[in-house]
Amino acid sequence: MANELILVVEDNDKNRKLARDVLAHQGYQVLEAESGEQGLQLAGERRPALILMDIHLPGIDGIETLRRLRGDAATRAIPVLAVTASAMTHDRQKILAAGFDGYQSKPISVRPFLAAVREALDRRASGA
Ligand code: MN
């Protein structure tokens, strides 16, 4: 089954469209946000099964957006994968320490990206 609702929070049009197209091609339903604030609003309204989060965003960044998602009972349980070009080791550690459920580097590589998405959704479904 690959029809779950996924929210992509990404300010770069090209990157957001690529993620959307790759996910839609698999059969996922995709919501798009261009900022953390917009992402928070959509997450609260639509309760996606998974959120893919850019870190560098206009306004609040992806780490602050995650903190606010986790602070709200309505969105606390939604798994969130960081998707970022920050390949530096300390950035990666900071991102995982912030409480993201996983990490994918940009530009996305289709197969590992889809595998990480599926794994996060299945982990959620099994309640693990
Ligand atoms: Mn960005």
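Does Ala115 fit the bill of being at pLDDT below 95, among the small types (Gly, Ala, Ser) and surrounded by fewer than 16 Cβ atoms within 10 Å (Cβ to Cβ)? Criteria not met by Ala115.
Residues of region 24-60 that are in contact (Cβ under 8 Å) with a residue 60 or more places away in the chain and in a loop (DSSP other than H, G, I, E, B): Tyr28, Ala49.
Every residue, every condition in (1) touching a Phe, Trp or Tyr at 6+ places or on another chain (Cβ under 8 Å); (2) among the small types (Gly, Ala, Ser), yes or no:
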| position | (1), (2) |
| --- | --- |
| Ala49 | no, yes |
| Ile55 | no, no |
| Arg70 | no, no |
| Lys94 | no, no |
| Gln104 | yes, no |
| Arg118 | no, no |
| Ala125 | no, yes |
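Residues in region 1-19 that are more than 12 Å from the ligand (Cβ to nearest atom) and more than 20 Å from Leu69 (Cβ to Cβ): Met1, Ala2, Asn3, Lys17, Leu18. Leu69 meets each of the listed conditions (1) assigned to a loop (DSSP other than H, G, I, E, B); (2) without any contact (Cβ under 8 Å) to a residue 60 or more places away in the chain; (3) more than 16 Å from the ligand (Cβ to nearest atom) apart from (1). Counting the residues of region 45-60 that are hydrophobic (A, V, I, L, M, F, W, C) and more than 11 Å from the ligand (Cβ to nearest atom) gives 5.
Considering only region 79-90, state which residues are surrounded by 15 or more Cβ atoms within 10 Å (Cβ to Cβ) and either over 17 Å from Glu10 (Cβ atoms) or touching a residue at least 40 places away in the same chain (Cβ under 8 Å) (or both).
Pro79, Val83
The one condition from (1) within 16 Å of the ligand (Cβ to nearest atom); (2) surrounded by fewer than 16 Cβ atoms within 10 Å (Cβ to Cβ); (3) farther than 27 Å from Ala2 by Cβ that Ile63 does not meet is (2).
The values are calculated or read from the model by the stated rules, or taken from the named source; none is laboratory data. Everything numeric here is computed off the predicted structure, so don't read it as measured data. Here Cβ is always computed from backbone atoms with ideal geometry, including for glycine, and neighbour counts include all displayed protein chains.
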